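K.L.:
I have a structure I would like to understand better, so I am pasting it below and will then ask my questions one at a time.
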Amino acid sequence: MRFEGLIGLPYPKWRQWLRALLLLTLALLASHAYSASKTVLVLGDSLSAEYGLARGKGWVNLLQERLRAEKIDARIINASISGDTTSGGAARLPALLKTHRPDILIIELGANDALRGLPVAATEANLRSMIKAGQAINAKVILLGMRIPPNYGPSYAENFHAMYGKLARENKTALVPFFLEGIATREDMFQPDRIHPLAAAHPIMLDNVWPVLKPLLLKK
């Protein structure tokens, strides 16, 4: 007498059917894990707030366009404010985290602290508090490092830039070593104030961020 499976198929066929179903389920689960929508919160200053640009020309908006082009399901929240400092970002961040619950937090702050000559230690403390706040809700944090001209002396400029790498190592965050890499020394890439990049510079700024951000977007 031939053994019949639970679904009325001969036992060997039933086993094959079950195995195929299991493999399909695992494939669907894997696909879902790597394509699940993520929320990215950008906390920055004028470099991310499209200062002096036509709307939609800044790197954050270009990021959203790239995500669509690469069919990566992610929502971008741009919480950047021109002129913001690390103390302002640290004050705003808790409410933003509570509202948006981001999977990824990009911190692009510190330049305005340096332009005001604020102590590097104070800037570092503020950035550290933002990193800790993001990690407390299990967000992956990306620091966008900055360099500044030696207006306040080479020691200040060197300590300021080194601060980002130090924080990234201590807190195990992702790091873009220099957000303005490739444009900082090019006068033709800046608005007349020589501080804010032109629209033509923003694709380069996005390219500096993308290799660090993309793996986090695709990670389970």
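The numbers here are math on the coordinates, done by the rules we state, and not lab data. Values in this document were obtained by computation on a predicted structure and should not be read as measured data. All Cβ positions, glycine included, derive from the backbone under ideal geometry; neighbour counts span all protein chains shown.
K.L.:
Multiplying the sequence separation of residue 195 and residue 178 by 0.36 nm and subtracting their Cα-Cα distance, what value in nm do you get? Provide the component values of the computation, followed by the final result.
P.N.:
Details: separation 17, 0.36 × 17 = 6.12 nm, distance 1.50 nm.
Contour length minus Cα-Cα distance gives 4.6 nm.
K.L.:
What shape does the range 55-198 take by its C-alpha gyration tensor, where a ≥ b ≥ c are the square roots of the eigenvalues and a/c under 1.5 counts as rounded, a/b above b/c as prolate, and the rest as oblate?
P.N.:
Values: a/c = 1.77, a/b = 1.15, b/c = 1.53.
Since a/c reaches 1.5 but b/c is at least a/b, the shape of the range 55-198 is classed as oblate.
K.L.:
Cα gyration tensor of the range 129-220, axes a ≥ b ≥ c as square roots of the eigenvalues: rounded (a/c below 1.5), prolate (a/b > b/c) or oblate? Show your work: numbers first, answer last.
P.N.:
Working: a/c = 2.66, a/b = 1.36, b/c = 1.95.
Cα axes put the range 129-220 in the oblate bin.
K.L.:
Oh, and also: Along the positive direction of the dipole of the range 56-160 (beta-carbon charges: Lys, Arg +1; Asp, Glu -1; about the Cα centre), which of 123, 152, 74 reaches farthest?
P.N.:
Of the listed residues, the answer is 74.
K.L.:
For a 21 Å ceiling on Cα separation, which of these pairs sit above it: 71/219; 57/166; 140/220; 140/166; 166/220; 57/219?
P.N.:
Check vs 21 Å cut-off fails for 57/166; 166/220; 57/219.
K.L.:
Can you quote the Å³ per residue value for the convex hull of the Cα atoms in the range 56-122, rounded to an integer? Don't jump to the answer; show the numbers that get you there.
P.N.:
On the way: hull volume 7.1 nm³, N = 67.
Spread over its residues, the Cα hull of the range 56-122 gives 106 Å³ apiece.
K.L.:
Which whole-percent values make up P(r) of the range 166-220 when all C-alpha to C-alpha distances are grouped in 5 Å steps starting at zero?
P.N.:
Each 5 Å bin holds this share of Cα pairs: 4, 18, 22, 18, 14, 13, 8, 2, 0.
K.L.:
Determine the distance separating the Cα centre of the range 140-171 from the Cα centre of the range 197-220; give it in Å without decimals.
P.N.:
Between the Cα centre of the range 140-171 and that of the range 197-220, the gap is 19 Å.
K.L.:
Between residue 39 and residue 116, what length comes free when the chain is fully extended (0.36 nm per residue of separation minus the Cα-Cα distance, one decimal in nm)? It would help to have the intermediate numbers written out before the result.
P.N.:
Details: separation 77, 0.36 × 77 = 27.72 nm, distance 3.22 nm.
In short, 24.5 nm is gained.
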